[in-house]
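The values are calculated or read from the model by the stated rules, or taken from the named source; none is laboratory data. If you're wondering where the values come from, they're calculated on a predicted model, not measured in any experiment. Cβ placement follows ideal geometry from the backbone for every residue including glycine, while neighbour counts extend to all protein chains displayed. We work out accessible area using only protein heavy atoms, side chains counted, and drop any ligands, DNA or RNA first. Shrake-Rupley method; radii C 1.70, N 1.55, O 1.52, S 1.80 Å.
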Amino acid sequence: MNIERYFNAERILGVSGLFSVCGSFGRIDSEAEYTREKKENVTVFSYETASVRLVSEWTEHENGVIQRKDRLQNLSGKPIEIYSLFSRFTLSGNEYEVYTQYNGWQHESSGEWQRLTTQVAVSAGGIRMCNGGTPLLGLHNVYTGKNVVFHLLANCQWEMKVCKYPLDKREIVLVETGMERDGLCLTVQADEQIDLPEVFFYQAENKTDLDAYKIHTVFNRLYPRKRTPIVYNSWLHTFEWVDVDELKKQADAAAELGFEVFVVDAGWFGTGENWLLSVGDWVENPTRGTKGRLKELSDHVRAKGMQFGLWFEPERASLTSEAFAKNPQFYMQGDPAGALLDFANEDARNYILDVISAQIKQYALGYVKFDLNAFIPHDPHNSAFYRYMQGHKRFIEDLKARFPELYICNCAGGGFRMELGQATYTDSFWFTDNQGPYEGLTIVKNTLKRLPTACIERWNVQKYMEGFPAYNPDKCQGLMVSCNNATWDHIVAVSDGYTKAFMTGGPVGFSCDVAALPEKYKKSWKEFLEKYKSDREFYASATARILIDTPSVIAIQYADAELSRIEIQLFTKLVYAKDVEVYPIVDTTASYLVDGRQVCGQALKQDGLYFNFLKDNDALCVSMIKEK
């Protein structure tokens, strides 16, 4: 890729250059003249004043993906303040459509295209890095039909903006990515270096999925996933009403089905009857929930051959908790849900590290689910949560140094922290609290545009119910129903094939009454999990492409980087077309075994795969293996 096409060197104020910086030392904009050094696939630009050094490192990866790392270093010999700090790109042409994603509770990664008339901006709405928006920006050139995609790895409260910049007889399209500027006053000590959010960007042919396989390929190589276990989580079975005898029953059934981790979610800790009043007190509740039997449950789970896991919310403390009462200096005032631990405070970080470590040791934990349900819109340190995020990452790294095999599930009221930056140091994401099969599939499909499939957990939340009337024959029948939101207020039924296809592609979990499943379903799920164990290495490094994206039909392709193995999933909702053609992306020079038939790649490209006899609320899957 010709990287010069992505920045302007005409020294136009507000447009040219690689950075837009404003601080106590003045402003750096178009006047900067950068030195340039190139070694193999890395190009480094640098610029110095008496106060600061700016460095921009561009690394070229496969499939035309560029990784940009920018940093600012204080050379002044004294503290300085930063008021705005952005990486800058420019694009050719002036007619664009812009793709952004809204991120809200139960409808994460909701994306739309809009025409660029003046400017389009997306940002993190506070301390959670995907609160209100996701760090993804797609631009479609209306003239050429080509696309450029920007992925930001959040290390602070971030902002991405694209705008038209008018000149005398032309317009320039400007893209800026960096720290949220509202209230920013970041103090930088002498010789200290500040890292801007990394950006991956590339050209894309496909407007439907933004050529997401490109970021998948690079990210999987740079940040390979830890082996993903099969997990049981108690939350959507009993919510906070945990009971040891009931959990033992679930653990016995989970072990028989082949589960590998058993997790107790919220409700096990604190004092008194209302666990919400004790968030932050990470010790077992002796009178409610597990009632002093948590060690007994841990021993039972591990005796069944599974690892034991617990839910924590390390960053939050209720204002009525003992943790807040004893150490108020460790916390920032949050929303009415409570105070938030200040990870920018080293003493606070070491405190919570020791607290969580003690529980890991006491209960021999192999898995933790970290949640964040509180919210702060503005950083009290005026650093766009940069200091906070530095501390949070250091906390996770220190925890992993103490417990190298620990698996960390990242949750934040659903998917409010589900982004590439945190995927570099946590293992996978609880992608939403909305575990319905339709909305769940939509969220997964849209999140695949910005995250590899191995980062996105899939959860089965089902219950078998009797007494449904059958249209033909005229008798009552049993039916497997699924939770259709976050709280079981709505249910829906889909085919077994739909559920299993949805569960295929990423880390697998169940959060339901598995002990009560009828024997035929237990047998079926046990077979499914055995196959998953043989397939999970494939999905750990698989890329994804969205082949069809309509309200009634969705088709997704998973493949390895060489297109040697391809898995096609076709999902239906209410569908009136009884057949559909799907065109997989294949190696046209090779032949594939497709359901036992040999088909050349060129024919697959030209003729596609034909799916007929489609049913509502169903899924069809096809495996394709390249012949050697």
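Tabulated data
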| item | result |
| --- | --- |
| Options 191, 211: the member that is under 20 Å from residue 419 (Cβ atoms), among the charged types (D, E, K, R) and at pLDDT 95 or above | 211 |
| Filtered residues of the range 146-167 (kept if out of contact with any helix residue (DSSP H, G or I) (no Cβ under 6 Å at 6 or more places or on another chain), at pLDDT 95 or above and not charged (D, E, K, R)) | 147, 148, 149, 150, 152, 157, 158, 160, 162, 163 |
| First in the range 511-523 and closer than 13 Å to residue 481 by Cα and in contact (Cβ under 8 Å) with a residue 60 or more places away in the chain, second anywhere and assigned to a loop (DSSP other than H, G, I, E, B) and open to solvent by less than 30 Å² (accessible area, probe 1.4 Å), Cβ under 6 Å, 6 or more apart | 512/461 |
| Cβ-Cβ under 7 Å pairs, at least 6 apart or on other chains, the range 494-505 side touching a residue at least 24 places away in the same chain (Cβ under 8 Å), far side acidic (Asp, Glu) | 495/618; 497/618; 498/618 |
| Condition broken by residue 278, with the remaining ones in (1) closer than 27 Å to residue 507 by Cα; (2) out of contact with any strand residue (DSSP E or B) (no Cβ under 6 Å at 6 or more places or on another chain); (3) open to solvent by less than 30 Å² (accessible area, probe 1.4 Å) satisfied | (1) |
| Selected residue [in a helix (DSSP H, G or I) and of a type in the set (Ser, Thr, Tyr)] from 425, 438 | 438 |
| Hits in the range 289-308 - residues which are in a loop (DSSP other than H, G, I, E, B) and crowded, with 21+ Cβ neighbours inside 10 Å | 289, 290, 306 |
| Cβ pairs under 8 Å, 6+ apart, first in the range 83-97 and within 14 Å of residue 160 (Cβ to Cβ) and open to solvent by less than 30 Å² (accessible area, probe 1.4 Å), second acidic (Asp, Glu) and part of a strand (DSSP E or B) | 86/159; 86/176; 87/70; 87/176; 88/176; 89/176 |
| Single condition residue 338 does not satisfy, out of (1) at pLDDT 95 or above; (2) crowded, with 16+ Cβ neighbours inside 10 Å | (1) |
| Qualifying residue in the range 204-217 (condition: open to solvent by 10 Å² or more (accessible area, probe 1.4 Å), among the small types (Gly, Ala, Ser) and in a helix (DSSP H, G or I)) | no |
| Hits in the range 245-272 - residues which are out of contact with any strand residue (DSSP E or B) (no Cβ under 9 Å at 6 or more places or on another chain), at pLDDT 95 or above and either polar (S, T, N, Q) or farther than 14 Å from residue 516 by Cα (or both) | 245, 258 |
| Count of the range 359-386 residues which are open to solvent by 10 Å² or more (accessible area, probe 1.4 Å), out of contact with any strand residue (DSSP E or B) (no Cβ under 8 Å at 6 or more places or on another chain) and over 18 Å from residue 266 (Cα atoms) | 6 |
| Residue within the range 102-118 that is β-branched (Val, Ile, Thr), surrounded by fewer than 21 Cβ atoms within 10 Å (Cβ to Cβ) and either within 27 Å of residue 27 (Cβ to Cβ) or touching a Leu at 6+ places or on another chain (Cβ under 8 Å) (or both) present | yes |
| Matching option when the condition is among the hydrophobic types (A, V, I, L, M, F, W, C) and open to solvent by less than 30 Å² (accessible area, probe 1.4 Å), among 264, 283 | 264 |
| Candidate set from the range 595-620 (those that are open to solvent by 80 Å² or more (accessible area, probe 1.4 Å) and under 34 Å from the mean Cα position of the chain (by Cα)); member that is nearest to residue 481 (Cα to Cα) | 615 |
| Qualifying residue in the range 393-403 (condition: crowded, with 16+ Cβ neighbours inside 10 Å, closer than 29 Å to residue 82 by Cβ and more than 25 Å from the chain's Cα centre (by Cα)) | no |
| Residue that is outside any loop (DSSP other than H, G, I, E, B) and surrounded by 18 or more Cβ atoms within 10 Å (Cβ to Cβ), where the choices are 199, 242 | 199 |
| Hits in the range 573-594 (condition: out of contact with any helix residue (DSSP H, G or I) (no Cβ under 6 Å at 6 or more places or on another chain), of a type in the set (Val, Ile, Thr) and surrounded by 13 or more Cβ atoms within 10 Å (Cβ to Cβ)) | 575, 580, 582, 585, 594 |
